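Engineer: This structure is in structure tokens; I'll ask about it shortly.
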Amino acid sequence: MQTYTVLNVGNKYSASFKAYVACEGRVVSPFHDISLYTSGKRDVVSVVNEIPRFESAKFEISKKEAFNPIMQDIKKGQPRFVKNVFPMKGYLWNYGALPQTWEDPNEVDKDAGAKGDNDPVDVIEIGRRRKGIGEVYQAKVIGSIAMIDEGECDWKVVVIDLEDEMASKINGIEDVRREFGGLLEETINWFRDYKVPDGKERNKFALNGEYMDKDATIRVIERAHESWSAMINGKEEVGICRQNSTLKNKSEPPTIISEELSDEEVPEYLNQFEFIK
């Protein structure tokens, strides 16, 4: 696997913050340039971390910026944070995305029965170590849950870092139930309720809210990889910047000088709990 670094521009927790992923000092697209599969095994995938565990800021791979840096989502002109629904604080896991995957908004997912959300496939990594923004690592596929967000399919793939001390013990969803008691149930609760404090309805889940096993999840990932391949090689406008530095339609990447700047202040409500009645 290639070695990747992160080049930060702008103040963290501001609208100007961008975390570029680079390989040997050259900016790459975490959406398009990082290979999904590098080991020859379909149950081992590359992951780009977007949000460290316990973080509240909604960082995500930008679909519109050139070379898809990781930026904080902006809502009504302000950087977006998720509120703390009691008893949880921030994201429960390292939250990221599978490179070279795409949930096609024009295709109905055969398992979830809803069209894709136009994003890479999301990942929740359950290992022991808190990961950084833009960190790239190899992970073992464990299972998945199909969230339905405002009518769109939004898969959440459960993985564990191959280097994690618990990786040898975790090979499927039932292993997670045994070794990480309560985590799968609280994961459902978190995704169901996290938008409620902002006045939105609870999210729903396909498949009666049941987790898919490893084999079924591998097929979900493969379909999303095929959708990405068709998208990156196509000409149809889908609202996604396709600029990359390694594929056949590559572009010259920008030169980015990493900055060490202070963080912006975060909202006071991140020190409080929200209670759902």
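Engineer: Out of Val21, Val28, Val48, Val9, I need the residue that is in contact with a Leu (Cβ under 9 Å, 6 or more places away or on another chain) and either over 27 Å from Arg128 (Cβ atoms) or at pLDDT below 95 (or both). Which one? Steps first, answer last, please.
Structural biologist: On the way: Val21 fails: either over 27 Å from Arg128 (Cβ atoms) or at pLDDT below 95 (or both); Val28 fails: in contact with a Leu (Cβ under 9 Å, 6 or more places away or on another chain); Val48 fails: either over 27 Å from Arg128 (Cβ atoms) or at pLDDT below 95 (or both).
On inspection, the qualifying residue turns out to be Val9.
Engineer: Return the only residue of Glu237, Glu252, Glu226, Glu222 being under 19 Å from the mean Cα position of the chain (by Cα), under 29 Å from Cys23 (Cα atoms) and without any contact (Cβ under 8 Å) to a residue 60 or more places away in the chain.
Structural biologist: Answer to the selection: Glu226.
Engineer: Given (1) touching a residue at least 60 places away in the same chain (Cβ under 8 Å); (2) surrounded by fewer than 21 Cβ atoms within 10 Å (Cβ to Cβ), where does Val141 come up short, assuming only one miss?
Structural biologist: The single condition Val141 does not satisfy is (2).
Engineer: Any idea which of (1) in contact (Cβ under 8 Å) with a residue 12 or more places away in the chain; (2) farther than 19 Å from Val28 by Cα is the one Gln243 doesn't satisfy?
Structural biologist: (2)
Engineer: Still on this model: Restricting the range 77-112 to residues that are surrounded by fewer than 19 Cβ atoms within 10 Å (Cβ to Cβ) and under 26 Å from Val44 (Cα atoms), which is nearest to the chain's Cα centre (by Cα)?
Structural biologist: Here the answer is Leu92.
Engineer: Restricting attention to the range 176-206, which residues are more than 18 Å from Met88 (Cβ to Cβ) and surrounded by 15 or more Cβ atoms within 10 Å (Cβ to Cβ)? Reasoning before the result, please.
Structural biologist: Step one: filter the range 176-206 for residues more than 18 Å from Met88 (Cβ to Cβ), giving 177-179, 199, 201, 204, 206.
Result: Lys204, Ala206.
Engineer: Right, here's the next one. Within the range 227-277, which residues are polar (S, T, N, Q) and under 23 Å from Phe81 (Cβ atoms)? I'd like the intermediate steps shown before the answer.
Structural biologist: Step one: of the range 227-277, the residues polar (S, T, N, Q) are 227, 229, 233, 243-246, 249, 251, 255, 258, 262, 271-272.
Scanning the range 227-277 gives Ser262, Asn271, Gln272.
Engineer: Considering only the range 115-167, give the strands (runs of 3 or more DSSP E) lying wholly within it that have at least 3 residues that are small (Gly, Ala, Ser). Break it down stepwise before answering.
Structural biologist: Values: elements: 122-125, 136-149, 152-161.
Result: 136-149.
Engineer: For the condition in contact with a helix residue (DSSP H, G or I) (Cβ under 6 Å, 6 or more places away or on another chain) and farther than 30 Å from Asn106 by Cβ, what is the one hit in Gly172, Gly132, Gly181? Full working, then the answer.
Structural biologist: Numbers: Gly132 fails: in contact with a helix residue (DSSP H, G or I) (Cβ under 6 Å, 6 or more places away or on another chain); Gly181 fails: in contact with a helix residue (DSSP H, G or I) (Cβ under 6 Å, 6 or more places away or on another chain).
From the options Gly172, Gly132, Gly181, the qualifying one is Gly172.
Engineer: How do the pairs read when you match residues in the range 188-216 that are in a loop (DSSP other than H, G, I, E, B) with residues anywhere that are among the polar types (S, T, N, Q), using Cβ under 7 Å and keeping only pairs 6 or more apart or on different chains?
Structural biologist: That search, which allows pairs on different chains as well, returns Lys195/Asn203; Tyr211/Ser144.
Engineer: Can you tell me which of (1) in contact with a Pro (Cβ under 8 Å, 6 or more places away or on another chain); (2) within 28 Å of Gln2 (Cβ to Cβ) is the one Asn249 doesn't meet?
Structural biologist: Evaluating Asn249 over (1) in contact with a Pro (Cβ under 8 Å, 6 or more places away or on another chain); (2) within 28 Å of Gln2 (Cβ to Cβ) leaves (1) as the failure.
The values are calculated or read from the model by the stated rules, or taken from the named source; none is laboratory data. The structure displayed is predicted, hence computed values, not measured ones. Don't worry about glycine lacking a Cβ; one is built from the backbone with ideal geometry, like all the others, and counts go over all protein chains shown.
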